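Computed from the coordinates by the stated procedures, all read-outs in this text should not be read as laboratory data. Keep in mind that this is a model prediction, so the values were computed, not measured. Note that we place each Cβ from the backbone using ideal geometry, even for glycine, and neighbour counts take in every protein chain shown.
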Amino acid sequence: HAKDLGRNNYQFYTTTLSAKTPELLNLEKSLRYAVEREELIVYYQPRVNILTGQITGMEALVRWQNPEMGLIAPNVFIPLAEESGLIIPIGEWVLRAACLQNKAWQQAGLPPLTVAVNLSPKQFRQSTLVEDVARILTETELDARFLELEITESTAIADLEFTRNVLHNLEQMGVHLSIDDFGTGHSSLSRLQLLPLHNLKIDRSFIQELTTDVRVAHIVKAIVTLGRNLGLRLTAEGVEKQEELDFLKSIHCEDVQGYLFYKPLPAEKATEVLQNKQTSALEMKN
Ligand code: C2E
Ligand code: MG
Ligand code: MG
Ligand code: MG
């Protein structure tokens, strides 16, 4: 959908599938310099515990501050990066930025939390992924348990043996692992049960229909129940309405992420939110 393409609402894609508009080709060209010109920015969206309201983590979400076009959403440029291979340097940059930020929060004395970083399919399949993650953790001096890596359900099930192997190596390192956009990959939880996972994120498309389609409510309830029985933490993505939150609370979903609480925030704003939360927690104790 055109409205998903970015804040600028540019119509990048022509109606013929796979044909790129001149704008898109130009964008791909300037993306080549985005990392070295320091045009990428990481936003952070808090993940909130549904019962306590506490922030239990942050998801790192990349944006591109393009000099001509302004802030470009990842749904626009991540596919281009994936296709051209630029996702490898971009992904590594995001991972390092997120680890550095998390380390900075810890050094500022804020309560420790995990920062989640999205891995694209190509990144996940890169043979050096495990060593790259290890190196970045060492370089940034972040303890592995404060890093969470997200792969989508479809990335995970593309080759389950491969996935199991890579996730096992990451888990040995102490990194937390999460399945993103769960429910969109047409798999089932039973296929994922052999993977060393910590967290399952229910795709926003389910949450959107939660209060209007009773069948969807049943499905979400089943996912939460089954997921919990498999020892996973459940996060609902894209929670926007109080009614959605109430339902998720009633089925004991642990965490929520969504505009109802917070939009993705620039690092500075995210830091303020963490500081204010800490202050209010201290006030509550007194
Ligand atoms: P995702 O990982 O599923 O991230 C969640 C997306 O949902 C984010 O969009 C977030 O802003 C949006 N969202 C969160 N709560 C709400 C809500 O209540 N309502 C609505 N309408 N949207 C909500 P964003 O930041 O535009 O990212 C889109 C996708 O781009 C991400 O989906 C992820 O797949 C990809 N992406 C973002 N950053 C990276 C990155 O550093 N690397 C890779 N490989 N992919 C990334
Ligand atoms: Mg994600
Ligand atoms: Mg998601
Ligand atoms: Mg998504």
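Can you tell me how the stretch 140-286 classifies by the Cα gyration tensor, rounded, prolate or oblate, using a/c under 1.5 as the rounded cut? All intermediate terms of the calculation are to be shown ahead of the outcome.
Values: a/c = 2.00, a/b = 1.13, b/c = 1.77.
Here the stretch 140-286 falls in the oblate category.
For a Förster distance of 25 Å, can you work out the FRET efficiency between the beta-carbons of Asn169 and Gln193, rounded to the nearest 0.05?
For Asn169 and Gln193, the calculated efficiency is 0.85.
Using Cα-Cα distances under 8 Å and only pairs 6 or more residues apart, what relative contact order does the stretch 8-120 have, in percent?
Result for the stretch 8-120 is 24 percent.
So for the chain, averaging the separation of alpha carbon pairs under 8 Å that are six or more residues apart and normalising by length, what relative contact order in percent results?
With pairs under 8 Å counted, the relative contact order is 17 percent.
Rounded, prolate or oblate: which one fits the stretch 91-213, using the alpha carbon gyration tensor with axes a ≥ b ≥ c (rounded when a/c is under 1.5, else prolate when a/b beats b/c, else oblate)?
Oblate, since a/c reaches 1.5 and b/c is not below a/b.
Connecting C-alpha atoms closer than 10 Å in a GNM of the chain, tell me which of Lys241, Lys20, Lys122 has the biggest fluctuation.
Lys20
Taking square-rooted eigenvalues a ≥ b ≥ c of the alpha carbon gyration tensor, is the chain rounded, prolate or oblate, where a/c under 1.5 means rounded and, failing that, a/b exceeding b/c means prolate?
It is rounded, given that a/c, with a ≥ b ≥ c, falls under 1.5.
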